[in-house]
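Okay, structure first, notes after.
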Amino acid sequence: MNILIINICSEPLHYYEFVKPIESIISSTNINYSTKDYDKLSISDIEKSDKIIISGTSIKDNKFLEDLHLFVEILKTNKPVFGICGGMEILGALLGGTMKERKEIGFNEIKFTKSFLNIQSGTQLQVYQLHNLYIDFSDLLNDIDISAKSYDLVTQAFKHKFKPMYGVLFHPEVRNENIIKEFIQAT
Amino acid sequence: MKLGILWSGGKDSCYAAYLAKKEGNDIACLITLQSENDDSFMFHTPSIDKVKQQAQAMSIPLLIKKTKGEKESELEDLELAILAAKQKYEIEGLVSGALASTYQSSRIQKICDALGIESFNPLWQKNQFEHVNDIIKCGMKVIITGVFAEPLNEDWLGREIDGDFIEEIKDMANHYEINPAGEGGEYESYVLFCPTLFSHQLLFDYDKSKLSIKGNKNSWKMEVEVEEEK
């Protein structure tokens, strides 16, 4: 098994903060991974991988939004895909969701109203948030399950109804590593 | 990118600065908060006056801001210090050595966001054994200046972070609630040298009779005295 991690950080120094923690979690499971910057991603990288994780990046770094076309091939594949924060925004935008502004920084509680990977419906979870955008999926409910929202109704986790595609707006690499492990081991 | 480093004088802020430089950034200044409160929520800075000698060894401007170290007012002081760095040194981002404290990191993130600058936390979520190993591997010289947890004691003051240190701290981590990188405030450190940043090593002679050492049981602190390398 090989996990492809797509690094969406435009600043090399942000790799250590947003990508390396994901690599460390995968390393702890003894599963192989390779990491690729999003602007160097090739179709062959996607073909060679078994599962794909799209990282997040800093709150001020929105360069990836100008380059959404570089992620289109990921949507065409039926391989399991997991988007974290900016990675979820990419998946949501390509699926046709509406990007909206909302700033959330720090630890906050969210509620799962549908099951999501290893998390049962009804679970309340403390999650680490670092974003100023989110995706409104309300026009996509035929294809998308909204799994969790924050108390002000911002979608925090989604899964696709017909594809192995998942996204979280929060950072599971901080205190919620099991969500990433469940994606790479169980999906 | 022009960056300011949130600088405590210890190993974490220095290794974060080392990575910032390694990735091609320009370190425009160091920002040090001098807390009058030993139990500060944000800043752990033993031997803070000695950061001036570190800044000189790196030829990097140092911006010091005093704070009473009270829970929220020290955040206002931090914001003022970063704002001053933005105005004076035109920094576009701030680098911190935050490893795991979400209290610390989320507050730094909010301040940087409010000031319109990038926030970099290159040690974030790093495995603490990996971190202390990286410090040794990269050639940094770091000594222990304070210990604040059982079973650490006065004997640890002045010790260098080296292979023996890691073996002992590993053993302690297995038997006590000790974070190997001291992230829980178990110990504090002072950097004498860091490759690519320091032009020369600061010399430290552990002579108990000449050093100011205070403490008891498992809580000890020393004021470092360093000299320029001849």
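Values in this text are rule-based calculations from the coordinates and carry no lab data. None of the values given here were measured: they were computed from a predicted structure. Glycine gets a Cβ as well: all are built from the backbone with ideal geometry, and neighbour counts include every protein chain shown.
What the table below lists for this structure:
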read-out: Subset of segment A:131-148 (residues that are part of a strand (DSSP E or B) and crowded, with 18+ Cβ neighbours inside 10 Å); value: A:131, A:133, A:134, A:135, A:144, A:146, A:147, A:148
read-out: Index of the failed condition, residue A:136 passing every other in (1) closer than 30 Å to residue B:105 by Cα; (2) touching a Phe, Trp or Tyr at 6+ places or on another chain (Cβ under 9 Å); value: (2)
read-out: Segment A:123-135, subset free of Cβ contacts under 8 Å to residues at least 60 places away in the same chain and within 15 Å of the chain's Cα centre (by Cα), residue nearest to the other protein chains (Cβ to nearest Cβ); value: A:128
read-out: Segment B:8-39 - residue that is under 23 Å from residue B:134 (Cβ atoms) and assigned to a loop (DSSP other than H, G, I, E, B) and, of those, nearest to the other protein chains (Cβ to nearest Cβ); value: B:23
read-out: Hits in segment A:165-187 - residues which are in a loop (DSSP other than H, G, I, E, B) and within 14 Å of chain B (Cβ to nearest Cβ); value: A:170, A:171, A:172, A:173, A:174, A:175, A:176
read-out: Single residue of segment A:85-98 satisfying the filter (surrounded by 20 or more Cβ atoms within 10 Å (Cβ to Cβ) and away from chain B (no Cβ under 14 Å)) that is nearest to residue B:109 (Cα to Cα); value: A:86
read-out: Residue A:101 vs. criteria farther than 29 Å from residue B:26 by Cβ, within 14 Å of chain B (Cβ to nearest Cβ), in contact with a strand residue (DSSP E or B) (Cβ under 8 Å, 6 or more places away or on another chain) and surrounded by fewer than 21 Cβ atoms within 10 Å (Cβ to Cβ); value: yes
read-out: Selected residue (criterion: surrounded by the most Cβ atoms within 10 Å (Cβ to Cβ)) from residues of segment B:62-117 that are more than 9 Å from chain A (Cβ to nearest Cβ) and assigned to a strand (DSSP E or B); value: B:94
read-out: Output for segment A:79-108, where each listed residue is over 16 Å from residue A:147 (Cα atoms) and among the aromatic types (Phe, Trp, Tyr); value: A:107
read-out: Qualifying residue in segment A:107-122 (condition: in a strand (DSSP E or B), acidic (Asp, Glu) and under 16 Å from the mean Cα position of the chain (by Cα)); value: no
read-out: Qualifying residue in segment B:140-156 (condition: touching a Pro at 6+ places or on another chain (Cβ under 9 Å) and closer than 26 Å to residue B:93 by Cα); value: yes
read-out: 3 or more residues under 22 Å from residue B:131 (Cα atoms) and away from every other protein chain (no Cβ under 12 Å): qualifying helices (runs of 4 or more DSSP H) within segment A:1-77; value: none
read-out: Strands (runs of 3 or more DSSP E) contained entirely in segment B:129-218, each with at least 3 residues that are surrounded by fewer than 18 Cβ atoms within 10 Å (Cβ to Cβ); value: B:212-216
